[in-house]
1. Give the number of residues within region 233-269 that are closer than 17 Å to D223 by Cβ and either outside the structural domain of L189 (by TED's automatic domain parsing) or within 16 Å of ligand 1 (Cβ to nearest atom) (or both).
2. Please state which of the following conditions A83 fails to meet, knowing it meets all the rest: (1) touching a residue at least 60 places away in the same chain (Cβ under 8 Å); (2) surrounded by fewer than 20 Cβ atoms within 10 Å (Cβ to Cβ).
3. List the helices (runs of 4 or more DSSP H) inside region 164-217, counting only whole elements, that have at least 2 residues being within 14 Å of ligand 1 (Cβ to nearest atom) and either at positive phi or not β-branched (V, I, T) (or both).
4. Would you confirm, using the coordinates I've provided, whether V78 is among the hydrophobic types (A, V, I, L, M, F, W, C) and in a strand (DSSP E or B)?
5. Sort out which residues of region 244-269 are within 16 Å of ligand 2 (Cβ to nearest atom) and crowded, with 18+ Cβ neighbours inside 10 Å, and write them in order of number.
6. Determine whether D102 is acidic (D, E), in contact with a helix residue (DSSP H, G or I) (Cβ under 6 Å, 6 or more places away or on another chain) and at pLDDT below 90.
7. Quickly run through region 32-48 and pick out the residues that are over 36 Å from the mean Cα position of the chain (by Cα) and within 22 Å of L71 (Cα to Cα).
8. Considering only residues that are touching a helix residue (DSSP H, G or I) at 6+ places or on another chain (Cβ under 6 Å), in a helix (DSSP H, G or I) and small (G, A, S), which ones fall in region 27-48?
Amino acid sequence: MAATAVAQSNAEENRSISAMAFITDSVAQARISGDLFGVTLGKANVREGSIDTALALSEWPRDLDLLIVDLATAHDPVADAAALKTALPGSCMVIGVGRINDVALYRDLMAVGFNDYLSLPLPEGAMGRAVDRALELRERGAGPVANAAKSAAKPRTLCVVGARGGVGATTLAVSLASMLGTRLQEEVLLIDFDLHYGSMMLALDLEAIDALREALDQPDRIDALFIQQVAQKKSDLLYAIGAEEPPGGGFQARPHAASDFLRSVHRRFRWIVADVPRGDPVIQRQVMEASTDVVLVTDLSLPGVRDAMRLQQLAHDVAPSARLHLVTGGVLDPRRSAVKVADLERTMKRKVDCQLPADVPSALAAVNFGKPLPEAAPTSPIVKALRPLVAALDEPVDEGAPAAKGATRTFMRFTKGLQLKRK
Ligand SMILES: Nc1ncnc2c1ncn2[C@@H]1O[C@H](COP(=O)(O)OP(=O)(O)OP(=O)(O)O)[C@@H](O)[C@H]1O
Ligand SMILES: [Mg+2]
């Protein structure tokens, strides 16, 4: 048993912590039970199992202080760790154990919000000391590093919406998902919410499935197995879900369907990039409501500016704490566009975050190879222009930061200006 200072002080003050452990190896189980004895007053719940067992649990005790999980059998320990962190109560500390003794793995686990990682076989008292360290840090208010790791591990839903048709929203959603996956070395899931006419699965040369509509109808039925079956793998770090509902069939998502669905899927994927249809205001609103980030892409046309403003207002109304990123795109050379970037910025009362150049050969290469543009054409100026946006998306969510307000009056002034120019 680890008779360490924090454990003793907890025991003396009769403050025990609530702890669970899922461990495959029986020797490690016994060692962990012993090390946790003091700090849990003998009430640690140490079971046979692994991170898979933990991920299969649908509910966690709200007051759980500490979870110890065995990552030795995990195929992708970091992705599983990120998924587990999103399912656990925010205040729960997590310590991983496993057979790999590698500092890169340790860092990745810390980055997704784990408090420590110990390699097996566990030396005597090692777990007790790790728990003490984690408790001490928690008592000190977690500290900036731990806080950063915690907020970095928060589930993120990025909603990509085009102000007009054909402005490159799908190309952008796929490119961002692919670049985020590479940057974070984390699996990212793409979802095409245009159930009838979505083009994402076609663009990635993947099969559309019926199950997306079912899942939106009955989100309670979504479990780890369902997600594993419907999320199609494009590459090691990129998965996608999309449907091809018959054109005539109407589908009205019930209230909160998209947010319930996204919450369930976040148990498996921390990062979700949603390609959201312009033509379905119900789904558009629901996905936006559930998003931590919104990327609004518009071309430099008068209708584009008008609709970008309206969508900016919608984002402000339904997702006030989501971060909004404004992107200009489209197949037209911006130098020949009716509207200039400065006009757009003035009208929308905000800066454009990213200007995507027109690059038809790279867009074509992506279509021809059925791959994300950054993979099909890594040297494309589109990829270069996207890098700062990807870095900005990788920053931890700043809760409470409002999306920029819409500015309908400015648009009226702007259109008047354009009319005068035409005269
Ligand atoms: N920056 C770009 N330069 C050149 N071509 C592009 C660019 N972005 C997208 N394209 C091409 O423009 C077409 C429309 O792109 P995409 O499907 O991404 O647009 P969208 O906004 O999702 O359209 P929809 O409204 O149909 O959903 C595609 O053929 C794509 O390859
Ligand atoms: Mg599209």
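The values are calculated or read from the model by the stated rules, or taken from the named source; none is laboratory data. Computed from a predicted structure; not experimentally measured. Glycine gets a Cβ as well: all are built from the backbone with ideal geometry, and neighbour counts include every protein chain shown.
1. The number of residues fulfilling the criteria is 0.
2. Checking A83 against (1) touching a residue at least 60 places away in the same chain (Cβ under 8 Å); (2) surrounded by fewer than 20 Cβ atoms within 10 Å (Cβ to Cβ), the one that fails is (2).
3. Details: elements: 169-184, 200-203, 211-217.
Ranges flagged: 169-184, 200-203.
4. no
5. Selection gives E244 alone.
6. Values: acidic (D, E): yes; in contact with a helix residue (DSSP H, G or I) (Cβ under 6 Å, 6 or more places away or on another chain): no; at pLDDT below 90: yes.
When the stated conditions are applied, D102 does not pass them.
7. Filtering region 32-48 for residues over 36 Å from the mean Cα position of the chain (by Cα) gives 34, 37-38, 41-42.
Matches in region 32-48: G34 only.
8. At the first step, the residues of region 27-48 found to be touching a helix residue (DSSP H, G or I) at 6+ places or on another chain (Cβ under 6 Å) are 32, 35, 38-39, 44, 46.
Right, trim to in a helix (DSSP H, G or I) and you get 32, 35, 38-39.
Selection gives G38 alone.
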